[in-house]
């Protein structure tokens, strides 16, 4: 029965290409119905996907723009799903990008293809293949905007910012909505930088007004003040003796900050690494290592006990000493800990979202000396 149906569809396909000059014979809907049926298979290797793509392409007239675009969309979708299933570990994935051709996110057939599908996932597949074709590694090419892809996050790179720019330069409402939602995570988790903030005018100009658009623009404007190069907010903090400090008192020194709390097990497990890193600079008087606990005022005794028990005496240990959310937490948008911050000798933010010791914080401190 299936074989018979495929044969009928092949006939319809050839009839469609033969009368492509007639109205109604070459439409996105007809292309979708015919080409989609030829992709209703299970693919267990890159070679199987490539063979199906080239087979369908051979059945299509070169003038059939709808059919060829639909075939390319199907190829991208199945390539991406295959890569997703194997978590990018199969060597044959590197044969897939060579067949990817440029398609426009504004193309009517592409928009029709996205209807009823996870548009962001499809576009993630498209750009992963596109960037791999340009010579990037798989790790550099895969989506770095959301934590859900491949079940582990990576820092956003130039490919991610380029994808965002092109997405918001398009005129695809469904795609805009999907990526506005995705932006909540990187802004909240990693703050804002110049490349991300550069997307703001594209959102302003090309996205239809809605509550989500206003939310993301508001977040970008809010987080802008913790971007690299911005003047570091300097709210008051207190040490164990109640002496008040602000970052302004350390002008001329690099400030390295570990934001933590006594109830944060991850913070406590990483604290020895932070102490060890500070020991590497103990002979220098142009750098200061601080810990800032966001414990509330009623946990003061637990904070003092932790400092003693964790042997943190070589560090300057500070706290906002507040009963509710502190000005420090508001200024630096502290929503998760541990959090690492580096401020340069002029009181400007190097990064408000530094990686942990041993995972890049050391390199950021070295670069801060060169600024």
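Figures for the structure shown
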read-out: q = 0.08, 0.13 Å⁻¹, the chain: log10 I(q)/I(0) [Debye, one scatterer per Cα]; value: -0.55, -1.03
read-out: Relative contact order computed over the range 237-369 (Cα-Cα under 8 Å; 6+ residues apart), in percent; value: 34 percent
read-out: Average silhouette area of the range 237-369, convex hull of alpha-carbon atoms, in square nanometres; value: 7.3 nm²
read-out: Added length on full extension, which subtracts the Cα-Cα distance from 0.36 nm per residue, residue 205 to residue 94; value: 36.3 nm
read-out: Helix 46-59 vs. the chain, principal-axis angle (Cα, 0 to 90°, nearest 10); value: 40 degrees
read-out: Bridge type composition, the chain - antiparallel percent by DSSP, nearest 5; value: 55 percent
read-out: Relative contact order [Cα under 8 Å, 6+ residues apart], the chain, whole percent; value: 12 percent
read-out: Mean-position separation - Cα centroids, the range 156-206 and the range 302-320, in angstrom; value: 40 Å
read-out: Size of the range 266-344 as Cα extents on the principal axes (Å, biggest first); value: 37, 30, 22
read-out: Helical contribution to [θ] at 222 nm, DSSP H n ≥ 4, -39,500 (n - 2.57), averaged over the chain, rounded to 500; value: -15000 deg cm²/dmol
read-out: Additional length obtainable on full extension of the chain from residue 302 to residue 81, 0.36 nm per residue less Cα span; value: 74.6 nm
read-out: Span from the the range 32-102 Cα centroid across to the the range 251-282 one, whole angstrom; value: 49 Å
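Values quoted throughout were computed directly from the atomic coordinates according to the rules given, and no laboratory measurement underlies them. This structure is a prediction, so every number in the text was calculated from the model and none was measured.
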